[in-house]
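The values are calculated or read from the model by the stated rules, or taken from the named source; none is laboratory data. Everything numeric here is computed off the predicted structure, so don't read it as measured data. Virtual Cβ from ideal backbone geometry, glycine too; neighbours counted across all protein chains shown.
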Amino acid sequence: MPDFEKAGLLTLRGNRVLLCRKKHSTSLLILPGGVKERNESAEQCLLRELAEELADCHPGPLTYLATYLSPAAVPGKTVQIELFTAELSGTPQPASEIKELIWFGPGDDPALLAPSLRDLIFPDMIHRGVLPAAILANAIQSYRCL
């Protein structure tokens, strides 16, 4: 059983993925989204969290991509992430517990990413053709398809 059950958004603009850094708990980059509340679906959670975290923008229709189980950004914890994609209207601005938003792309340091992104989600999304391989150019050599 994972320590955290989350819903996350993978959204692209050009060859860059929108990621965020929280004010508290971790300095690593994570997906916009958050922890599901009791009796809340992943879609409901994601829409609630995006309304709280990303000021001045709204997601279009959500499309489910995959579910991942991985080490969390918090050491010693695990996270299950139900991943969705959607286009965002407007220009996202950090709100609530979000310290900053970053459009992560080719040339950016993969060491800044939460383990779930760096070691599992991004490599899988690259393998599936959802993300460009250049996004993890320095780290992709370690990924193997199962």
Item to complete: Could you tell me which residue of segment 30-65 is surrounded by the most Cβ atoms within 10 Å (Cβ to Cβ), considering only residues that are at pLDDT below 95 and of a type in the set (Val, Ile, Thr)?
Response: Ile30
Practice prompt. Test Ala72 against the criterion of being among the hydrophobic types (A, V, I, L, M, F, W, C), more than 15 Å from Leu9 (Cβ to Cβ) and loosely packed, with under 14 Cβ neighbours inside 10 Å, and give yes or no.
Written response: no
Discussion item. Go through segment 110-137 and report how many residues are free of Cβ contacts under 8 Å to residues at least 12 places away in the same chain and closer than 20 Å to Ser27 by Cβ.
Written reply: 1
Practice prompt. Scan Phe104, Phe4 and give me the residue that is crowded, with 19+ Cβ neighbours inside 10 Å, of a type in the set (Phe, Trp, Tyr) and out of contact with any Pro (no Cβ under 8 Å at 6 or more places or on another chain).
Written response: Phe104
